[in-house]
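Please see the structure below; I have some questions.
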Amino acid sequence: MVKAQMKIQQTAFMLIAITLFFVLAGMFFLSIKMSSIKISATELEEKNSKLLLAKLADSPEFSCGASYGTQATSCIDFEKLMSLKENIANYSQLWGVSDIQVWKIFPSENFDECTTGNYPSCGKITLFPEHLGNGTYISTFVSLCRRASDFGFPYAPYDKCELAKLMVSYNDK
Amino acid sequence: MINKMKKNKRGQEEMVGFALIIIMVAIILLVFLTISMKKTNEISESSEIENFLQSMLQYTSNCSINSNFNFVSINRLIQECSEDTYCNDGTFSCDVLNNTLEKMFSVSWSIQNTSQFRGYELMILQGTSPDPVILLTNISEGIKTNTSRGSFQPLTNYEQVYMTVYY
């Protein structure tokens, strides 16, 4: 009887020890898995942000379309952008973002805000200046294109595309 | 007495066996964990670099071909460089391409202590594998790490543009 009880006790202790071991191993494995889920969630959010930028850059209000040769992607029409800036009040709720900026990266003469007075020798266009600095900004490279003329229009016009960055801010959730 | 000693020995044997099983399971788990967490040196695609390459190729250079105001894009300039042509002002198309890209990269991908990336490399090749001809390789800066992202753009006339950014 005592022998049987001893055997049962031994088995019970062994089962508890094995269970504890596998619980500890499982917790360790889960903590590693959870951290990789966090990384995946961050990557997904980044992907969604990039999709938003692509949607904006290719929307008719910004896109070059076929104006500068063949249909180009990641191309923003500088002249459309200036026109949009003048009428931005009609577009405030269209894209669901807080602020949109376009910065000329190369060649960069200055970072003056573009107006009808200094166009095109300016460096930055801010569409919603009242929301400047609000939210998180994401950015992508775009081509900023316009018609240019070294001798003044309409003499010898040509297509001029420069490197720029489209920056969009959205409110954090 | 002898039976008691045999019982003690049996208990010890069982404990040793149990400990061995635990150790073997722990080693197997560790090996499995190491294999699953091993990072391979793969270049993953990046939409930011892809957008940069597309925008870079559309950039209007200072090289005019055929007439004084026919300034060509980087895309066209790469083709002109592959054909060893000269711009209207007498400069070699490959020199204009190289200078323009160097300045563009130094401004757009400026490597600083606070930047996320630690190096970049741009390669423009012409021809098909297995023996493409390298047109430009000296657009690079910083250090090459095991974590990188890149993108690739095929052009007409079998030119290919590869860009890699190291993090």
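Mind checking the angle between helix B:2-37 and chain B's longest principal axis? C-alpha axes, 0 to 90 degrees, to the nearest 10.
The two axes meet at around 10 degrees.
Report the net charge of residues surrounding A:GLU86, where surrounding means a beta-carbon distance below 12 angstrom and charges are Lys +1, Arg +1, Asp -1, Glu -1. Walk me through the intermediate numbers first.
Values: positive: A:LYS80, A:LYS85; negative: A:GLU79.
Every neighbour counted, the sum reads +1.
How would you classify region A:50-141 from its alpha-carbon gyration tensor, with a ≥ b ≥ c the square roots of the eigenvalues: rounded for a/c under 1.5, else prolate if a/b is greater than b/c, otherwise oblate?
Working: a/c = 1.34, a/b = 1.04, b/c = 1.28.
Rounded shape, in that the Cα axes give a/c under 1.5.
Calculate the mean, over all residues of peptide B:65-74, of how many other protein chain Cβ atoms lie within 10 angstrom of the residue's Cβ.
Details: counts 0, 0, 2, 3, 8, 2, 6, 1, 6, 2.
Whole-number average of other-chain Cβ neighbours for B:65-74 is 3.
Within 10 Å of each Cβ of A:159-167, how many other protein chain Cβ atoms are there on average? Write out the running numbers ahead of the final one.
Working: counts 4, 3, 9, 5, 9, 1, 4, 2, 0.
Partner-chain Cβ atoms within 10 Å, mean over residues of A:159-167: 4.
In whole Hz and in residue order, list the ³J(HN,Hα) couplings for region B:150-156 that follow from phi through the Karplus curve 6.51 cos²θ - 1.76 cosθ + 1.60, θ = phi - 60°; x for Gly and Pro.
x, 7, 9, 10, x, 10, 6
Taking 0.36 nm per intervening residue step and subtracting the Cα-Cα distance, what contour gain separates B:GLU14 from B:THR147 on full extension? Don't skip to the end; give the middle numbers.
Values: separation 133, 0.36 × 133 = 47.88 nm, distance 4.86 nm.
The span from B:GLU14 to B:THR147 would gain 43.0 nm if fully extended.
Just to confirm the number: angle between the C-alpha axis of helix B:47-58 and the first principal axis of chain B, 0 to 90 degrees, nearest 10?
Once rounded, one gets 10 degrees.
Among the listed pairs A:LYS33/A:LYS104; A:LYS47/B:LYS144; A:LYS165/B:LYS144; A:LYS47/A:LYS104; A:LYS47/A:LYS124, which are separated by more than 32 Å between their Cα atoms?
Pairs exceeding the cut-off: A:LYS33/A:LYS104.
Using only Cα atoms, find the angle between the long axis of helix A:2-57 and the longest principal axis of chain A, and express it within 0 to 90 degrees, rounded to the nearest 10.
0
What is the order of B:ARG149, A:ARG146, B:ARG118, fewest Cβ neighbours within 10 Å to most? Please list the in-between numbers first.
Working: B:ARG149 19, A:ARG146 22, B:ARG118 16.
The most exposed by this proxy come first: B:ARG118, B:ARG149, A:ARG146.
Given the DSSP H assignment, sum -39500 (n - 2.57) over each helix run of at least 4 residues in chain A and divide by its residue total; what's the result at 222 nm in deg cm²/dmol, nearest 500?
On the way: 2 runs with 65 residues, N = 173.
Mean residue ellipticity at 222 nm (helix-derived): -13500 deg cm²/dmol.
Pop a pseudo-label 7 angstrom from the Cα along the beta-carbon direction at both B:ASN68 and B:THR34 and give the gap in nm to one decimal.
7.2
Further question on the same structure: Pairs of Cα atoms under 8 Å, at least six residues apart: use those to get the relative contact order of chain B, whole percent. Intermediate results must be reported in sequence, preceding the final value.
Numbers: 233 pairs, mean separation 34.0, N = 167.
For chain B, the relative contact order is 20 percent.
Please state the shape class of region B:78-167: rounded when a/c is under 1.5, otherwise prolate if a/b exceeds b/c and oblate if not, all from the C-alpha gyration tensor. Let's see the in-between values first.
Numbers: a/c = 3.01, a/b = 1.47, b/c = 2.05.
The shape class here is oblate.
Compute the distance from the alpha-carbon center of region A:54-106 to that of region B:49-73, in whole Å.
Taking the Cα centre of region B:49-73 as reference, the centre of region A:54-106 is 20 Å away.
A further question on this structure: I want to verify a result. In a Gaussian network model of chain A, Cα cutoff 10 Å, which of these has the top mean-square fluctuation: A:LYS47, A:LYS33, A:LYS55?
In this elastic network of chain A, the residue with the biggest mean-square fluctuation among A:LYS47, A:LYS33, A:LYS55 is A:LYS33.
Cut-off 10 angstrom, C-alpha nodes, Gaussian network model of chain B. Which of B:GLU13, B:GLU121, B:GLU80 fluctuates the most?
Comparing B:GLU13, B:GLU121, B:GLU80 in a Gaussian network model of chain B, the most mobile one is B:GLU13.
A further question follows. Enumerate the amide H contacts of B:LEU135 below 5 Å, restricted to partners 5 or more residues apart or on another chain; note that Pro and chain-start residues carry no placed amide H.
Correct list: B:ILE124, B:LEU125, B:GLN126.
Each reported figure results from applying straightforward, stated rules to the coordinates on display, with no laboratory input. Note that the structure is predicted; figures quoted are calculated from it, not measured. All Cβ positions, glycine included, derive from the backbone under ideal geometry; neighbour counts span all protein chains shown.
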